[in-house]
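So the structure is just underneath, and the comments pick up after that.
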Amino acid sequence: MAYDTILVETSGKVGVITLNRPKALNALSSGLIRDLGAALDAFEANPDVRVIVLTGSEKAFAAGADIKEMAGKSYMDAYLEDFITLGWERVTKCRKPVIAAVAGFALGGGCELAMMCDMIIAADNAKFGQPEINLGTMPGAGGTQRLTRFVGKSKAMDMCLTGRMMDADEAWKCGLVSRIVPLDDLRDEVMKIAETIADKSLPIAMMVKEAVNTAYETTLAQGIHYERRVFHATFATDDQKEGMTAFIEKRQPSFTDR
Ligand code: CAA
């Protein structure tokens, strides 16, 4: 299927979505969010796709929600449309692992979109920020909540109140991104990570994702309880038998997703 605002391709077991509104630095218009949701639906339904990569251009992952589209909205427009909730949250509902490959600007909704993914790999030119306060508004796609969980209160306050940008190095030091790679290597490195994950058992990878995400939604005791239940459940799978047998027999496992 062809989209207006994104490019979609598959490479082996990996589905790649590239945000593609270069003239607007990939500003996240409602059309783009619709396209993104449709592409995610298609990759989720495609059994050949095991991991999804979300990326932008070298200059911008995304410079935020589309300010030109938002500028004239009234409170009632925003409220009645349920602006942001519908569409954007689709990313967080993905059951397959999703990696954000971020080069250039990831600002406002762009930073929030990256944080909705399961991990962020940053190019060395990446810049993150929640500059909404400069526009007389505030983060509306989870920035005050997810950024605080990623980097803690003091730095989240710093970012959201000053509207400043942080570079890739600072983002790595404070735990917002998991790895930094040279810009020229971003695609190759992210594909290697995606392929590594794609070679695992998909249902087990999905269970891991669910369990890690549970850490954000519950108390520690409930999270540990949830983890233990899912851990025990993995013993009902063929892939656990295969993985452990392969280890003992000193060979690579051959997972069947069962
Ligand atoms: N929405 C709409 N258009 C945008 C945009 C955005 N978020 N960001 C950039 N653009 C457009 C610019 O208007 C410009 O278009 P024109 O050529 O038609 O004028 C084009 O992209 C290139 O931008 P610049 O000329 O500004 O490029 P630059 O290299 O000088 O600056 C920048 C880059 C620092 C990222 C700057 O564009 C910028 O500050 N953008 C806005 C960032 C921002 O405030 N994001 C938060 C948006 S609000 C939000 O996201 C709410 C939420 O939580 C959901």
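The values are calculated or read from the model by the stated rules, or taken from the named source; none is laboratory data. Every value quoted in this text rests on a predicted model; they were computed, and no experiment measured them. All Cβ positions, glycine included, derive from the backbone under ideal geometry; neighbour counts span all protein chains shown. Areas reflect the complete protein model, heavy atoms only, side chains present, ligands, DNA and RNA absent. Shrake-Rupley method; radii C 1.70, N 1.55, O 1.52, S 1.80 Å.
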Open item on the list: Exactly one condition in (1) within 14 Å of the ligand (Cβ to nearest atom); (2) in a loop (DSSP other than H, G, I, E, B); (3) open to solvent by 30 Å² or more (accessible area, probe 1.4 Å) is false for E69; which is it?
Closed with: (2)
Open item on the list: Any residue in region 247-258 that is surrounded by 10 or more Cβ atoms within 10 Å (Cβ to Cβ) sitting within a Cβ distance under 8 Å of a residue that is of a type in the set (F, W, Y)? List the pairs, counting only those 6 or more apart or interchain.
Closed with: P253/F247
Open item on the list: So the check is Cβ under 8 Å with 6+ separation or different chains; which pairs have a first residue in region 38-54 that's in contact (Cβ under 8 Å) with a residue 40 or more places away in the chain and a second one that's of a type in the set (D, E)?
Closed with: V51/E195
TODO: For I33, work out the one condition from (1) surrounded by fewer than 21 Cβ atoms within 10 Å (Cβ to Cβ); (2) farther than 21 Å from D188 by Cα; (3) within 16 Å of the ligand (Cβ to nearest atom) it doesn't fulfil.
DONE: (1)
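Could you tell me whether any residue of region 151-174 is of a type in the set (S, T, N, Q), assigned by the TED database to the domain that holds V14 and either crowded, with 18+ Cβ neighbours inside 10 Å or at pLDDT 95 or above (or both)? Break it down into steps so the answer makes sense when it comes.
First, the residues of region 151-174 that are of a type in the set (S, T, N, Q): 154, 162.
Those still in the list that are assigned by the TED database to the domain that holds V14 too: 154, 162.
Subsequent filtering for residues that are either crowded, with 18+ Cβ neighbours inside 10 Å or at pLDDT 95 or above (or both) retains 154, 162.
Yes, region 151-174 contains a residue that is of a type in the set (S, T, N, Q), assigned by the TED database to the domain that holds V14 and either crowded, with 18+ Cβ neighbours inside 10 Å or at pLDDT 95 or above (or both).
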Task: Extreme residue, nearest to the ligand (Cβ to nearest atom), among residues of region 72-82 that are more than 14 Å from G140 (Cα to Cα) and assigned to a helix (DSSP H, G or I) - done: D77
Task: Of all residues making up region 29-53, the number that are touching a Phe, Trp or Tyr at 6+ places or on another chain (Cβ under 8 Å) and either aliphatic (A, V, I, L, M) or assigned to a strand (DSSP E or B) (or both) - done: 5
Open item on the list: Checking the structure you have, find out if any residue of region 162-185 is basic (K, R) and within 16 Å of the ligand (Cβ to nearest atom).
Closed with: yes
Task: Top-ranked residue in region 56-66 [being assigned to a loop (DSSP other than H, G, I, E, B) and near the ligand (Cβ under 8 Å from one of its atoms); ranked as most open to solvent (accessible area, probe 1.4 Å)] - done: K59
Open item on the list: Looking only at residues that are surrounded by fewer than 24 Cβ atoms within 10 Å (Cβ to Cβ) and of a type outside the set (A, V, I, L, M) in region 101-126, which one is farthest from the ligand (Cβ to nearest atom)?
Closed with: D118
Task: Search result, residues across region 211-227 that are open to solvent by 80 Å² or more (accessible area, probe 1.4 Å) and within 27 Å of D257 (Cβ to Cβ) - done: V212, Y216, E217, H225, E227
Open item on the list: Under 6 Å between Cβ atoms, which residue pairs at least 6 apart in sequence (or on different chains) link something in region 69-95 that is in contact (Cβ under 8 Å) with a residue 24 or more places away in the chain with a partner that is open to solvent by less than 70 Å² (accessible area, probe 1.4 Å) and part of a loop (DSSP other than H, G, I, E, B)?
Closed with: E69/S29; I84/G140; I84/A141; W88/A141
Open item on the list: Need pairs with beta-carbon distance below 8 Å; first residue under 13 Å from T234 (Cα atoms) and within region 194-210, second among the small types (G, A, S) and open to solvent by 30 Å² or more (accessible area, probe 1.4 Å); sequence gap 6+ or separate chains.
Closed with: M207/A233
Task: Extreme residue, farthest from M70 (Cα to Cα), among residues of region 15-30 that are more than 11 Å from the ligand (Cβ to nearest atom) and open to solvent by less than 10 Å² (accessible area, probe 1.4 Å) - done: G15
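T148: in the same structural domain as L40 (by the TED database) and open to solvent by 70 Å² or more (accessible area, probe 1.4 Å), yes or no?
Numbers: in the same structural domain as L40 (by the TED database): yes; open to solvent by 70 Å² or more (accessible area, probe 1.4 Å): no.
Criteria not met by T148.
Only one of these is assigned by the TED database to the domain that holds D184 and within 16 Å of the ligand (Cβ to nearest atom): R95, R50, R90. Name it.
On the way: R95 fails: within 16 Å of the ligand (Cβ to nearest atom); R50 fails: within 16 Å of the ligand (Cβ to nearest atom).
Among R95, R50, R90, only R90 is assigned by the TED database to the domain that holds D184 and within 16 Å of the ligand (Cβ to nearest atom).
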